[in-house]
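The values are calculated or read from the model by the stated rules, or taken from the named source; none is laboratory data. These numbers were taken from a predicted model, which means no experiment stands behind them. Backbone-built Cβ (ideal geometry, glycine too); neighbour counts: all protein chains shown. Just so you know, the surface numbers come from the protein's heavy atoms only, side chains and all, with ligands and any DNA or RNA stripped out. Shrake-Rupley method; radii C 1.70, N 1.55, O 1.52, S 1.80 Å.
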Amino acid sequence: MGILLAAVAGLLLGSFFNVVIWRLPRHESLVTPGSHCPHCSEPVAPYDNVPVLSWIVLRGRCRHCGGGISVRYPAVELGTAALTTAVALFLHSSQRIALGEILVLTLVPVALIDLEHRIIPNVILAPAAVAALIAGALTRPAGLPEQALAGVGAALFLLLFALAYPRGMGMGDVKLVGLLGLCLGRSVAVAILAALILGVGVGVGVMARVGVTEGRKTAVPFGPFLAAGAVIALFAGPPVVHWYLHSVL
Ligand SMILES: [Zn+2]
């Protein structure tokens, strides 16, 4: 039941994120005007605005003008639903489920906005941080010190990185990592490590394709890597941290 709820909520929120991802960086209202076709500006009827299904039924075309509707819309809806469902399915304690849902629902719009516009909006991060603290206080008050410590520690760690390498990372990344700490606790270390490995891997790949000089100029935003690292840490973090503390140290 909870899993079905997570899937439906993920689809609906994914649909809302499509609006957020487009309008927020353009400083447009999230509410008005309602959804409309980007080509003919015709309003989208509620029955044509059902997540994923409408796009399939209409074969990715506007009902009025036949203009193409990007596959990105259903992809964001499906991706969000996959993440919210996986959290409900694979995480166990109420604390980890609540913080996990807050985390994935923040990461979808943040990663896509950063990818396209190179900004990580405070207007998303700040409410998410407040929600993570409230969710922690409600589900497992004893875990709050770990949340806070991980948030502050991770943000300070990334601040050093951002100061050393200002072109690759910004204050948005520092704040995002603080949120990851609030949601992941000590597993945030796994998230940062995974993000750095992915970032370096993609960086090397870019340089191999376009050459080192060109590659250095192609600054890739770090937010999407942090988001990917956070998802890895969310599901694989606790066993990795456990293994490290018990086998390596
Ligand atoms: Zn149209």
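Quick check: the angle from helix 122-139's long axis to the longest principal axis of the chain, C-alpha only, nearest 10 degrees? On a 0 to 90 degree scale, this one is about 60. For the chain, modelled as a GNM whose springs connect Cα atoms under 10 angstrom apart, the maximal fluctuation among Val190, Val200, Val19 occurs at Val200. The charge dipole of the stretch 1-90, taken about its Cα centre with unit charges on the Cβ atoms of Lys, Arg (+1), Asp and Glu (-1) only, comes to about 160 debye.
For the stretch 1-90, the relative contact order is 47 percent, taking Cα pairs closer than 8 Å that sit 6 or more residues apart in sequence and dividing their mean separation by the residue count. Ordered from longest to shortest, the equivalent ellipsoid semi-axes for the stretch 125-236 are 30, 13, 10 Å, each the square root of 5 times a Cα gyration tensor eigenvalue.
Quick check for you: with a 1.4 Å probe and neighbouring chains kept, what is the accessible area per residue of the stretch 134-249, in Å²?
Working: 6250 Å² over 116 residues.
Roughly 54 Å² per residue, with all protein chains present.
Run the numbers for Val200 and Leu78: contour at 0.36 nm per residue of separation, minus the present Cα-Cα distance, in nm. The partial results should precede the final answer.
Working: separation 122, 0.36 × 122 = 43.92 nm, distance 2.81 nm.
Gain on extension, Val200 to Leu78, equals 41.1 nm.
May I ask you to derive the FRET efficiency for Ala142 and Val8 from their Cβ-Cβ distance with R0 = 30 Å, giving the value to the nearest 0.05? That pair, Ala142 with Val8, gives E of 0.40.
Computed over protein heavy atoms with a 1.4 Å probe, the carbon and sulfur contribution to the accessible area of the stretch 77-229 reaches 74%. In the full protein context, the stretch 1-90 carries 60 Å² of accessible surface per residue, based on a 1.4 Å probe and ignoring ligands, DNA and RNA.
With bins 10 Å wide beginning at 0, the percent of Cα pairs of the chain falling in each bin runs 7, 28, 32, 22, 9, 1, 0. Rounded, prolate or oblate: which fits the stretch 1-90 when a ≥ b ≥ c are the square roots of the eigenvalues of the alpha-carbon gyration tensor, with rounded for a/c under 1.5 and prolate only if a/b beats b/c? Here the stretch 1-90 falls in the prolate category. Packing around the peptides 175-183, 2-10, taken as the average count of other Cβ atoms within 10 Å per residue, puts them in this order, highest first: 175-183, 2-10.
Hand me the trypsin sites (Lys or Arg not before Pro) from the stretch 51-111 located in a DSSP loop with no more than 13 other Cβ atoms within 10 Å, in residue order please. List each step's numbers first, then the result.
Values: sites: Arg59, Arg61, Arg63, Arg72, Arg96; in loops: Arg59, Arg63.
When the trypsin sites (Lys or Arg not before Pro) of the stretch 51-111 are filtered for loop state and at most 13 Cβ neighbours within 10 Å, Arg59 remain.
Across Ala111, Ala194, Ala162, mean-square fluctuation computed from a Gaussian network of the chain (C-alpha pairs under 10 Å connected) peaks at Ala162. Which residues in the stretch 91-120 have a backbone N closer than 17 Å to a point placed 7 Å from the Cα of Ser70 along the Cα-to-Cβ line? Within reach of a label on Ser70, which here means backbone N under 17 Å from a point 7 Å along Cα→Cβ, the stretch 91-120 contributes 108-120. In the assembled protein chains, Ile134 presents an accessible area of approximately 90 Å² (probe radius 1.4 Å). Starting from the Cα of Glu42, step 7 Å toward the Cβ, then list every residue of the stretch 62-79 with an amide N under 16 Å from that point. From the stretch 62-79, the list is 62-70. Taking amide H as placed 1.01 Å from N in the peptide plane, the amide H of Arg61 sits under 5 Å from that of Ile69, each at least 5 places away or on another chain.
At 0.36 nm per residue, minus the direct Cα-Cα distance, what do Asn49 and Met171 gain on full extension? Give it in nm, one decimal, please.
Details: separation 122, 0.36 × 122 = 43.92 nm, distance 3.60 nm.
Result for the pair: 40.3 nm of gain on full extension.
Measuring from each cysteine beta-carbon in the chain, the ones with no other cysteine beta-carbon under 4.7 angstrom are Cys183. Among Leu193, Leu160, Leu107, the residue with the largest mean-square fluctuation in a Gaussian network model of the chain, with springs joining Cα atoms closer than 10 Å, is Leu160. When only the Cβ of Lys, Arg, Asp and Glu is charged (+1, +1, -1, -1), the dipole of the chain relative to its Cα centre reaches about 340 debye. Would you tally the net charge around Gly136, using a Cβ to Cβ cut-off of less than 14 Å, leaving Gly136 out, and scoring K and R as +1, D and E as -1? So the environment of Gly136 carries a net charge of +1.
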